[in-house]
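S.K.: The structure follows.
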Amino acid sequence: MSRPLLEVKDLEIQLKLSNKEMVKAVDRVSFTLNAGQTLGIVGESGCGKSLTVSSILGLLPKGTGRISGGEILYDGVNLAEFSNKQMREIRRKHISMIFQEPMTSLNPVYTIEKQLTETLRAHSRITRKQAYEKGLELLDMVGIPAAAERMKAFPHQLSGGMRQRVMIAMAVSSGPRILIADEPTTALDVTIQAQILELMKELNQNLKTSILLITHDMGVISEIADHVAVMYAGRIIEYAPVKVLFTNPLHPYTRGLLRSIPRLDREIKDLYSIEGTVPPLGEMPKGCRFSGRCPDCMERCKSQDPPPVKEGDHEISCWKYANA
């Protein structure tokens, strides 16, 4: 059996708080991404999703964040041990990222042409004219009409959906093996959101690009992912193939996330919501971190950490199954 393209093993990340205290923001996170696969990481804001994927590219907040344990194996090589120079090479050729808000990722004072062609020339030794032609091809590939006109536009002159398409074009310009998408549809309306998801599926199928998708939206996960890792308070608490997770969710948190999705096949009286909020850094409860919000909480959950166990196609951290 071939090894995974990306394997994160027992990853731990520490952050420095305003009072200079170091706290563990990501705790023993493990997952794998195989070639051609799409893995979704889902959870509420503040669960550590973006921090986890930022560590893969060496983009943790300088001076306040650091990897304190575990491995990030890309093609068998531990990226956690790479220097800044080595990580630039990884970002240049192997792993690219689409950020959540393209308006803050694109430079507002430069045209799309300048930003796209500079990215292309940084990735390969080509002339300005060749970069321009390649840029037109990329904009056409991501579904931007009148590409020559859009090349001359500034970011503020494009819609949110078009800006996100430009970001995707820049991300795939180097032919990366892995594309990390950090909440790529959050700022978009539902119609454009569906178009961006369809575009990402096409990239996955046509370019064989593996995708690591970060989102808080279970509906987005159902559209595109092959496997799902459910993250809560810095830990992955359930991991399963997407169809298995949606038809038979085991963890109370996962069930809560799925119940909160409005459905057309049943009458909606009140929208369901999980009571409480994600515990802040530095104030994590003892035992299971979801215990204070869990409808199935037992006494043991409040004092002891549940170990990850296999339950069919699931890997789950819950005392209900660890006791079985």
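S.K.: Which residues, taken from the stretch 116-133, are surrounded by fewer than 20 Cβ atoms within 10 Å (Cβ to Cβ) and over 24 Å from the mean Cα position of the chain (by Cα)?
M.R.: Passing the criteria: GLU118, ARG121, ALA122, SER124, ARG125, ILE126, THR127, ARG128, LYS129, GLN130, TYR132, GLU133.
S.K.: Return the residue satisfying two criteria in turn: it lies in the stretch 72-104 and is more than 18 Å from the chain's Cα centre (by Cα) and part of a strand (DSSP E or B), and of such residues it is farthest from ASN19 (Cα to Cα).
M.R.: Filtering the stretch 72-104 for residues that are more than 18 Å from the chain's Cα centre (by Cα) and part of a strand (DSSP E or B), the one farthest from ASN19 (Cα to Cα) comes out as VAL77.
S.K.: Could you please find all residues in the stretch 1-25 being of a type in the set (A, V, I, L, M, F, W, C), at pLDDT below 95 and part of a strand (DSSP E or B)?
M.R.: LEU15, MET22, VAL23, ALA25
S.K.: On to the next question. Consider GLU315 carefully, then state whether it is more than 23 Å from the chain's Cα centre (by Cα) and in the same structural domain as ASP10 (by TED's automatic domain parsing).
M.R.: No, not satisfied.
S.K.: Next question. Name the residue, out of ALA187, ALA169, that is farther than 20 Å from SER55 by Cα, assigned by TED's automatic domain parsing to the domain that holds ASP140 and either modelled with pLDDT under 85 or out of contact with any Pro (no Cβ under 6 Å at 6 or more places or on another chain) (or both).
M.R.: After ruling out the rest, the residue left standing is ALA169.
S.K.: Out of curiosity, is ALA153 among the aliphatic types (A, V, I, L, M) and without any contact (Cβ under 8 Å) to a residue 24 or more places away in the chain?
M.R.: no
S.K.: Filter the stretch 241-259 for residues that are among the hydrophobic types (A, V, I, L, M, F, W, C) and not in a loop (DSSP other than H, G, I, E, B) and give the result.
M.R.: VAL242, VAL244, LEU245, PHE246, LEU257, LEU258
S.K.: Among residues belonging to the stretch 112-141 that are in contact (Cβ under 8 Å) with a residue 40 or more places away in the chain, part of a helix (DSSP H, G or I) and of a type in the set (S, T, N, Q), point out the one that is nearest to ALA171 (Cα to Cα).
M.R.: Looking at residues that are in contact (Cβ under 8 Å) with a residue 40 or more places away in the chain, part of a helix (DSSP H, G or I) and of a type in the set (S, T, N, Q), I get THR119.
S.K.: Across the stretch 25-40, which residue is surrounded by the most Cβ atoms within 10 Å (Cβ to Cβ) among those that are in contact with a Ser or Thr (Cβ under 7 Å, 6 or more places away or on another chain) and closer than 16 Å to ARG235 by Cβ?
M.R.: For the stretch 25-40, the residue satisfying everything is VAL26.
S.K.: Also, I was wondering about something else. Being charged (D, E, K, R) and crowded, with 16+ Cβ neighbours inside 10 Å is true for just one of GLU202, GLU183, GLU198, GLU149. Which residue is that?
M.R.: Result: GLU183 is the single residue among GLU202, GLU183, GLU198, GLU149 that is charged (D, E, K, R) and crowded, with 16+ Cβ neighbours inside 10 Å.
S.K.: List every residue pair whose Cβ atoms sit under 7 Å apart, with the two residues 6 or more apart in sequence or on different chains, where the first one lies in the stretch 2-17 and is in contact (Cβ under 8 Å) with a residue 24 or more places away in the chain and the second, anywhere, is acidic (Asp, Glu).
M.R.: Close Cβ pairs satisfying both conditions: LEU5/ASP75; LYS9/GLU71; GLU12/ASP27.
S.K.: Scan the stretch 271-324 for residues that are without any contact (Cβ under 8 Å) to a residue 12 or more places away in the chain and part of a helix (DSSP H, G or I) and report the count.
M.R.: 2
Yes or no, residue by residue, for (1) assigned by TED's automatic domain parsing to the domain that holds ILE41; (2) over 19 Å from THR52 (Cβ atoms); (3) in contact with a Leu (Cβ under 7 Å, 6 or more places away or on another chain); (4) surrounded by fewer than 23 Cβ atoms within 10 Å (Cβ to Cβ):
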residue: ALA229; (1), (2), (3), (4): yes, no, yes, no
residue: GLY234; (1), (2), (3), (4): yes, no, no, no
residue: LEU245; (1), (2), (3), (4): yes, no, no, no
residue: GLU275; (1), (2), (3), (4): yes, yes, no, yes
residue: PRO279; (1), (2), (3), (4): yes, no, no, yes
residue: LYS286; (1), (2), (3), (4): yes, yes, no, yes
residue: ARG289; (1), (2), (3), (4): yes, no, no, no
residue: CYS294; (1), (2), (3), (4): yes, yes, no, yes
residue: MET298; (1), (2), (3), (4): yes, yes, no, yes
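The values are calculated or read from the model by the stated rules, or taken from the named source; none is laboratory data. Not measured: the values here are computed from a predicted model. Cβ atoms come from the backbone with ideal geometry, glycine included; neighbour counts cover every protein chain shown.
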